[in-house]
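Since the structure comes first, as C-alpha cells, the remarks are kept for the end.
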Amino acid sequence: MDENRAVVRMWRGVVRTEETAQYVAYVERTGMRAYRSTPGNLDAWILTRDLGDGTTEIVTVSRWDSLASTRGFAGDDIDVAVFYPEDDRFLVARDESVRHWVHAS
C-alpha cells in the first residue's frame, strides 16, 4: 500500500438494535473524537444498518492523508482494531481487525 496516498480505514461491529443510538453516541465520544483529533485525519463517519434480526451493523469509516497518519491513532499495528472500555457492554459481534483502502480518486 502506498504510504503517501489518502487512506480509508473501516471497522465493523454489531449491536442490539435497541441500543444503536446509545452505542453511536458512545462511539462519537470515544473513537470518532479520537479519529478527528489525530493529525492527518481528514474526516470520519459512523454508518448503521438494521439487519432485521434484532441487531444493527455498525461501520466506522475514517479518511486519512496517508497510511502513516493512521499510526497516530492506531499505533504501530494499524490492522488491529482499537476498542474502548464500554465496547464489551454493547457489541454482540465485532471485527478484531480493520481494513485499509487506498483512496483512488
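Every number in this text was worked out from the coordinates using simple rules, so none of it is lab data. All figures in this text were calculated on a predicted structure; none of them were measured in a lab. Cβ sites come from the backbone with ideal geometry, for glycine too, and all protein chains shown count toward neighbours.
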- Message: If I take every Cα pair under 8 Å that is 6 or more residues apart in the chain, average their sequence separation and divide by the length, what percent do I get for the relative contact order?
- Response: 43
- Note on the structure: Checking the stretch 35-105 for GluC sites (Glu not before Pro) in a loop per DSSP with at most 12 other beta-carbon atoms within 10 Å yields GLU96
- What is the magnitude of the charge dipole of the chain about its Cα centre, with +1 placed on the Cβ of each Lys and Arg, -1 on the Cβ of each Asp and Glu, and no other charges, expressed in debye to the nearest 20? 280
- Task: Return the calculated 222 nm mean residue ellipticity for the chain, to the nearest 500 deg cm²/dmol, obtained by summing -39500 (n - 2.57) across DSSP H runs with n ≥ 4 and dividing by the residue count.
- Result: -5500 deg cm²/dmol
- For the stretch 52-103 and the stretch 1-45, compute the distance between their C-alpha centroids and round to whole Å. 6
- Between the residues TRP64, TYR84, GLY52, the Cα farthest towards the positive end of the dipole of the chain, that dipole coming from +1 and -1 charges on the beta-carbon of Lys, Arg, Asp and Glu, is from TRP64
- Query: Over all Cα pairs of the chain, how is the pair count split among 5 Å bins, expressed in % and running from 0 up to the last occupied bin?
  - Reply: 2, 13, 24, 25, 17, 11, 6, 2, 0
- Lys and Arg at +1, Asp and Glu at -1: add these up for the other residues within a Cβ distance under 13 Å of SER97 and post the number. 0
- Given 4 °C and 1.567 mPa s, how large is the Stokes-Einstein diffusion coefficient of the stretch 59-105 in µm²/s, with Rh as the Kirkwood radius over Cα pairs? 107
- ARG99 versus VAL80, label points 7 Å from Cα toward the beta carbon: distance in nm? 2.2
- On full extension of the chain, what length is gained from ASP50 through GLU18, given 0.36 nm per residue of separation minus the C-alpha to C-alpha distance? 10.5 nm
- Find out how many positive minus negative residues lie around ASP50, taking Lys and Arg as positive, Asp and Glu as negative, among other residues whose Cβ is under 13 Å from that of ASP50. -2
- Counting other Cβ atoms within 10 Å, which trypsin sites (Lys or Arg not before Pro) in the stretch 1-79 have at most 16 and lie in a DSSP loop? ARG5
